[in-house]
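Presented below is the structure to which this report refers.
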Amino acid sequence: MELMGIIQSILWVVVMEEFLSEFLRKKPVKNYWFWLGCVVLFLYRMVVMNCAGNVLQNAIFNMAGIYLFLLLLYQGDWWSKLVMEILCFSLSSVVESAVALLVIWTQGSIDFSNRLYGVCSNIFFFLITKVLGLFFSRRTRVVRKTAYTKVLAGVALTTILVVTFLGILNARMKDEILLGISLALVVILGFVDIFGLKIYEILMEKWHITRERERYASQLELCEKQMEERITAMQEVRRLRHDLKNQMVYLKGLVEEDPGKAREFIEESLEYEQGKVQARSGNLVVDSLVNYQYLVARERGIAFDFQLKIPAELPVAAADLCVVLGNLLDNAQEACQKCAGDKKIRLEMEFAQQHLKIRVENTFAGQLVKDGDGNYKTTKEDAKNHGIGLTSVRRCVETYGGEMKLADTDGWFRAEILL
């Protein structure tokens with residue numbers, strides 16, 4: 001039966017990968033690394049299958065192997081991977097138990113060392129996974145740590161324990177009534193898991209819609225700020241045009257009558273213009289946002305330094321650029337306003353090797369708060385309507401397959417973005 005054992009292990013790896021890929025995103029690694037991971041998981045499964053002393057040991061070692069596989073090759077935090085793994089094992093346990101109970105019902109007993117039983121279970125679970133893939137949205141691939149997912153994971157763990165117990169009990173007692181009740185209970189538990197997963201998908205869809213609305217609202221607010229900055233700039237241009245003629249006439253008179261005073265007038269004018277530092281990278285979106293943020297910072301007494309090394313055209317959508325840069329600078333402004341001492345913002349943007357690098361640093365006061373996953377939380381009382389800025393930024397960054405790093409040291413908060 002060694003050949004059947006190899007077939008069973010191959011099917012087990014295929015089924016696990018198929019289920020997990022339905023609900024989690026793979027990391028952007030080379031295909032050969034992913035297949036190498038599958039081969040290692042297959043070899044690990046063969047070792048466990050031949051060395052595990054009982055069903056419990058087999059389950060524990062298999063879950064450990066799968067979790068390591070998830071850590072290395074799939075995106076998401078530890079919680080999302082753990083929840084999906086528990087659900088996967090819960091449903092696979094339901095299928096295995098149902099097959100075992102059917103075999104006991106028809107044959108009177110079952111030999112768990114018979115690999116054919118495991119092969120049939122994996123085939124059925126593969127078919128169920130394919131059916132689930134047709135009815136569940138790909139948007140469930142982002143698992144959030146909520147009270148509901150904790151309940152869902154608890155129910156799945158309970159299912160694993162119950163079906164394992166029922167399988168062992170029926171293999172020993174061989175009572176037809178108990179067998180029928182157990183089979184019905186196993187099927188019900190399987191539907192409970194699927195129903196719970198469907199509720200989770202609905203909640204996630206609702207969460208996505210809410211976040212999209214918040215994102216669009218944020219984009220609209222940024223567009224309004226850009227419009228205000230452009231209106232201010234247009235008004236300034238009109239004023240300059242209106243005053244230019246009178247200034248030139250005045251300057252001409254000074255040159256003819258008092259050259260020294262004329263020179264003084266010119267130097268004062270140049271000093272005034274230099275005090276109105278503006279971004280002139282050529283990129284309309286970036287220049288508009290930075291100019292607006294600079295004017296706001298100056299009014300608030302915040303020192304705003306920036307360095308832009310970007311072309312006029314960037315491979316980033318204007319709306320996404322507004323969300324990323326606008327939210328980072330808005331957060332920096334809010335943090336600086338709370339500072340009693342130095343209020344400083346530093347912005348660096350550079351486009352090199354087809355990647356856009358954004359670095360925003362700002363001073364802050366007080367203690368920053370993080371959640372259980374290490375993400376920064378808003379310190380505002382109305383947390384429901386605030387604290388979505390960094391989330392919106394992260395979503396945009398993930399859309400481009402980029403990276404986002406946040407850190408705080410020595411009174412400075414730093415955000416680094418790579419798109």
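The values are calculated or read from the model by the stated rules, or taken from the named source; none is laboratory data. Not measured: the values here are computed from a predicted model. Backbone-built Cβ (ideal geometry, glycine too); neighbour counts: all protein chains shown. Each accessible area value is taken on the protein alone, full model and side chains, heavy atoms only, with ligands, DNA and RNA left out. Shrake-Rupley method; radii C 1.70, N 1.55, O 1.52, S 1.80 Å.
Some notes on this structure:
- When residues of region 319-348 are limited to those that are of a type in the set (A, V, I, L, M, F, W, C) and surrounded by fewer than 18 Cβ atoms within 10 Å (Cβ to Cβ), the one farthest from GLY366 (Cα to Cα): ALA319
- Matching entry among VAL290, VAL316 (being assigned to a helix (DSSP H, G or I) and either surrounded by 20 or more Cβ atoms within 10 Å (Cβ to Cβ) or not small (Gly, Ala, Ser) (or both)): VAL290
- Candidate set from region 282-303 (those that are modelled with pLDDT under 85 and in contact with a Lys or Arg (Cβ under 8 Å, 6 or more places away or on another chain)); member that is nearest to GLU313 (Cα to Cα): ASP287
- Selection of first residues in region 130-155 that are at pLDDT below 60 and of second residues that are buried (at least 17 other Cβ atoms within 10 Å of the Cβ) and not in a helix (DSSP H, G or I), restricted to Cβ pairs under 8 Å at least 6 apart or on distinct chains, gives the following pairs, ordered by first then second residue: ARG141/LEU24; VAL142/GLY76; VAL143/LEU24; VAL143/GLY76.
- Looking only at region 321-367, residues that are assigned to a strand (DSSP E or B) and either of a type in the set (Val, Ile, Thr) or in contact with a helix residue (DSSP H, G or I) (Cβ under 6 Å, 6 or more places away or on another chain) (or both) come to 5 in all.
- Boolean, LEU185 is assigned to a helix (DSSP H, G or I), at pLDDT 85 or above and not small (Gly, Ala, Ser): yes
- Lone qualifier among VAL94, VAL103, VAL83 - being of a type outside the set (Gly, Ala, Ser), under 19 Å from ASN58 (Cβ atoms) and open to solvent by less than 40 Å² (accessible area, probe 1.4 Å): VAL94
- Restricting attention to region 106-127 and to residues that are open to solvent by 60 Å² or more (accessible area, probe 1.4 Å) and modelled with pLDDT of 85 or more, the residue that is farthest from PHE195 (Cα to Cα) turns out to be ILE123.
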